[in-house]
1. Among MET205, MET169, what is the fewest-to-most ranking by other Cβ atoms within 10 Å?
2. Among the aspartates and glutamates, which have Cα under 16 Å from the Cα of LYS76 when same-chain residues fewer than 8 positions away are ignored?
3. Kindly rank 214-222, 153-161 from highest to lowest mean number of other beta carbons found within 10 Å of each residue.
4. Arranged by the count of other C-beta atoms within 10 angstrom, fewest first, what order do ARG39, ARG64 take?
5. Roughly speaking, what is the stretch gain from ARG143 to ASP179, that is 0.36 nm per residue apart minus the C-alpha to C-alpha distance, in nm to one decimal?
6. Are any of the pairs LYS35/LYS141; LYS104/LYS174; LYS159/LYS222 more than 26 Å apart by Cα-Cα distance, and if so, which?
7. Mind putting a number on the dipole of segment 149-245 about its Cα centre? Charges go on the C-beta only, +1 for Lys and Arg and -1 for Asp and Glu, and I need it in Debye to the nearest 20.
8. Using Cα centres only, tell me the gap between segment 94-123 and segment 130-183 in whole Å.
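None of the figures in this text is laboratory data; all of them are computed from the coordinates on show. As the structure is a prediction and not an experimental result, all values here were calculated from the model. For neighbour counting, all protein chains shown are included, and Cβ atoms are generated from backbone atoms with ideal geometry for every residue, glycine included.
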Amino acid sequence: MKKLQFVLIPAIILVIGGLAFSFLFEDKHVAKGRKVFSRYCTPCHGEGGQGDGYNAKNLDPHARDLTDKGEVYMAKLSNEEIYEVIELGGYGVELSPGMPTWGKHFSEEEIWSLVAFIRTLHSYDGPPVKFDKEKPYQTAKPRTPPVQEAEFISLFEEKVSDDDGRQEMIDQGKEVFSDRGCVACHRVNGKGGELGPDLSRVGFMLQPQFIYRWVRNPLSFKPHTRMPNLDLSDEDALAVTIYLSTLKGSSDGVQKAEPHGSDSGTVQKRS
Ligand code: HEC
Ligand code: HEC
């Protein structure tokens, strides 16, 4: 009995100590990925990555369950494939545009950290994400210069010269709104997501030149916004702006969606 205690007690201490150690000293990239995921991805994918965030009910198809609980899916993807879908979004890899495009929002290193964190959500025995000290991933955010008002004005004059041009832009903008996944986060007339503000009256609230500049480059206004730069062409951005400018709500007033999180309110206008 004495002998057994000799072995058992240190063994137990080792196991418990090891667990505490691994939790306290979680790989720093996994820890970073967890933090980014918690702010930007959980509204759709849920805290545990099970596809059950508060915005999940507004999505069709659903946000993927990243834990592979129902079927083995994530484990079969390579690290590069997961990187690519985060970088380019569902739109860029022929999946649902409800999965946003993040390549203009996060640094290379942040996206690889997300991949490393996502790997901890399901069982996986393939090669781990490599963070090479000699060849580090880019840590700088993809900061593009703010879009100037003059750019909006000249594009507007070129494309919206008459009523026909305007109607074409409205139709195209409606398509952009659903095909590029704006609808996954924003509600219009009772349909759509609740991650961002309800846009049913946005034409009433915001100037078109602000909408255009915001959509082309949200980070230049708010460095920590949850709205990604979806990398729209200038024409698609103009079209969606013209469409949104027509949304002025119904006369009886459209209900605002419940705000979730600290920044789902109205963006401050800046000149
Ligand atoms: C607005 C909702 C939304 C947000 C926010 C969101 N996702 Fe998704 N995500 C989706 C949807 C919807 C799908 C399913 C796409 C499909 O299967 O067509 C998806 C699928 C995925 C997949 C599986 C891709 C595949 O190959 O099937 C990964 C990985 C993923 N998301 C990672 C992320 C990460 C990381 C973030 C945060 C940076 C994020 N998502 C934020 C909605 C969202
Ligand atoms: C991943 C979710 C997400 C997607 C996708 C998204 N947005 Fe947003 N959007 C937000 C959030 C969150 C805010 C609030 C921003 C803030 O305060 O940081 C916002 C703000 C806005 C605003 C300002 C609204 C106001 O009342 O201040 C406009 C306009 C807008 N988005 C348009 C669009 C358009 C157009 C698209 C598609 C090209 C789009 N959004 C895609 C999340 C999203």
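1. Numbers: MET205 18, MET169 23.
Fewest-to-most Cβ neighbours within 10 Å comes out as MET205, MET169.
2. Partners found: ASP65, ASP68, GLU84, ASP125.
3. Working: 214-222: 18.7, 153-161: 14.0.
For the peptides 214-222, 153-161, the packing ranking is 214-222, 153-161.
4. Working: ARG39 12, ARG64 19.
Ranked by crowding around the Cβ, least crowded first: ARG39, ARG64.
5. On the way: separation 36, 0.36 × 36 = 12.96 nm, distance 2.48 nm.
The span from ARG143 to ASP179 would gain 10.5 nm if fully extended.
6. Working: LYS35/LYS141 16 Å; LYS104/LYS174 23 Å; LYS159/LYS222 28 Å.
Those over the limit are LYS159/LYS222.
7. On the way: 11 positive and 17 negative charges, 145 e Å.
Roughly 700 debye for segment 149-245.
8. About 21 Å separates the Cα centre of segment 94-123 from the one of segment 130-183.
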